[in-house]
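Participant: Just dropping this structure here.
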Amino acid sequence: MIAFLLVTWLTVAGDVPRSRPIEKCAVSYLDGKGNTSLKFVSSLHVAGIDFLTFQTPSISEGKINGIMCGRESLVPDASDWIVLHAGLPFFISAGDRILALELPDGHLQARMVQGVLTAREQVSVQARLDELQLRFMKSEHESPEPLKK
């Protein structure tokens, strides 16, 4: 269901200005019927964000339970760990493939929700996860803006 919503959303979302990393982000939330829905938020960007200024967007439709960004590559950005640190699941999509960044027991991991990584992507994703794990561990004494309810 999420994959279908994402593909539809990426098709309709339009172009993003090329002055920043190319991504289109949406929040996921439970609608009134208990179904997961996605809402594009034009002001939401995760790639290149600053740890101290990150704020989870709020939407009138419901409580946000995740963030998904469509990008050209599934390799996580250096700042993607911030979403996890804020307590939200984070998903990256590229084409029809979706990668989930997760933080079970404080250990950063990537899991393919849909599709597979190429051998080259596997190496790049693992290298980035190693870097992000160190950033996450260093940040444990700090915290981004509180989640907006």
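The values are calculated or read from the model by the stated rules, or taken from the named source; none is laboratory data. What you see is a predicted model, and the numbers here were worked out from it, not measured in a lab. Here Cβ is always computed from backbone atoms with ideal geometry, including for glycine, and neighbour counts include all displayed protein chains.
Okay, residues lined up against (1) in contact (Cβ under 8 Å) with a residue 40 or more places away in the chain; (2) hydrophobic (A, V, I, L, M, F, W, C); (3) assigned to a helix (DSSP H, G or I):
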{"position": "T56", "(1), (2), (3)": "yes, no, no"}
{"position": "N65", "(1), (2), (3)": "no, no, no"}
{"position": "M68", "(1), (2), (3)": "yes, yes, no"}
{"position": "L74", "(1), (2), (3)": "yes, yes, no"}
{"position": "A78", "(1), (2), (3)": "yes, yes, no"}
{"position": "I82", "(1), (2), (3)": "yes, yes, yes"}
{"position": "L88", "(1), (2), (3)": "yes, yes, no"}
{"position": "L101", "(1), (2), (3)": "no, yes, no"}
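Participant: Applying the selection to the stretch 103-126, what residues are out of contact with any Asp or Glu (no Cβ under 8 Å at 6 or more places or on another chain), part of a loop (DSSP other than H, G, I, E, B) and in contact (Cβ under 8 Å) with a residue 24 or more places away in the chain?
Facilitator: Passing the criteria: L103, H107, L117.
Participant: Within the stretch 85-101, track down each residue that is surrounded by 14 or more Cβ atoms within 10 Å (Cβ to Cβ) and either of a type in the set (S, T, N, Q) or farther than 20 Å from K24 by Cβ (or both).
Facilitator: Residues satisfying the conditions are H85, S93.
Participant: Separate question: Specify which of the listed residues (V41, V46) is over 23 Å from R128 (Cα atoms), of a type in the set (A, V, I, L, M), modelled with pLDDT of 75 or more and within 13 Å of the chain's Cα centre (by Cα). Working first, answer last.
Facilitator: Details: V46 fails: over 23 Å from R128 (Cα atoms).
The unique qualifying residue is V41.
Participant: Quickly run through the stretch 6-38 and pick out the residues that are polar (S, T, N, Q) and modelled with pLDDT of 85 or more.
Facilitator: Filtering the stretch 6-38 down to residues polar (S, T, N, Q) leaves 8, 11, 19, 28, 35-37.
Matches in the stretch 6-38: S28, N35, T36, S37.
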